Amino acid sequence: MLPGMRAVSDIELLNRCAEFTLSRSREVEERIIRELQTSACTSLIMGLRLLRLQKVVLAIGMFSLFEALLQGRLGWEKPLDRIRSYLEGAGAIDLAGAFNQYRLARQRLEARKGPELRAPIG
């Protein structure tokens, strides 16, 4: 472990990983957008496409890892299908709705039904 770093839960570690990745992506995206003000070269456009794809991969991966944690800790089969009713039962209606939207989006992405994903990547 790194000096001064305390042990954290798996979920907290996943959250930190996502935040780290997204913050670095935002920095690169901001730089590319600044450069696009004076140049429309293909490499800049491809950079933005790459960042969009990276966010999709991160989202699907994070949900898969979160799903595995729920399955392992709670013993739920298909935990992302069950979490909505669990959260609603706990009174977290807005959070349950948000999770359901993410679950549906993930299903669409995995089935490659999203408009950007119908065309080949690259």
Inset, instruction - Mind listing whichever residues of segment 58-85 are farther than 22 Å from L13 by Cβ and over 21 Å from the mean Cα position of the chain (by Cα)? - result: E77, S85
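Could you say which residue among R34, R84 is surrounded by fewer than 14 Cβ atoms within 10 Å (Cβ to Cβ), basic (K, R) and in a helix (DSSP H, G or I)? Even if it seems obvious, please write down each step before you answer.
On the way: R84 fails: surrounded by fewer than 14 Cβ atoms within 10 Å (Cβ to Cβ).
Testing whether each residue is surrounded by fewer than 14 Cβ atoms within 10 Å (Cβ to Cβ), basic (K, R) and in a helix (DSSP H, G or I) leaves just R34.
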Inset, instruction - Determine which single condition F63 fails, assuming it passes every other condition in (1) out of contact with any Lys or Arg (no Cβ under 8 Å at 6 or more places or on another chain); (2) part of a helix (DSSP H, G or I). - result: (1)
Inset, instruction - With the condition kept exactly as written, say whether any residue in segment 37-55 is assigned to a loop (DSSP other than H, G, I, E, B), small (G, A, S), at pLDDT 85 or above and within 26 Å of R103 (Cβ to Cβ). - result: no
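The values are calculated or read from the model by the stated rules, or taken from the named source; none is laboratory data. Worth saying up front: this structure is predicted, and the values here are computed from it rather than measured. Because the Cβ atoms are built from the backbone with ideal geometry, glycine has one as well, and the counts that use them run over all protein chains shown.
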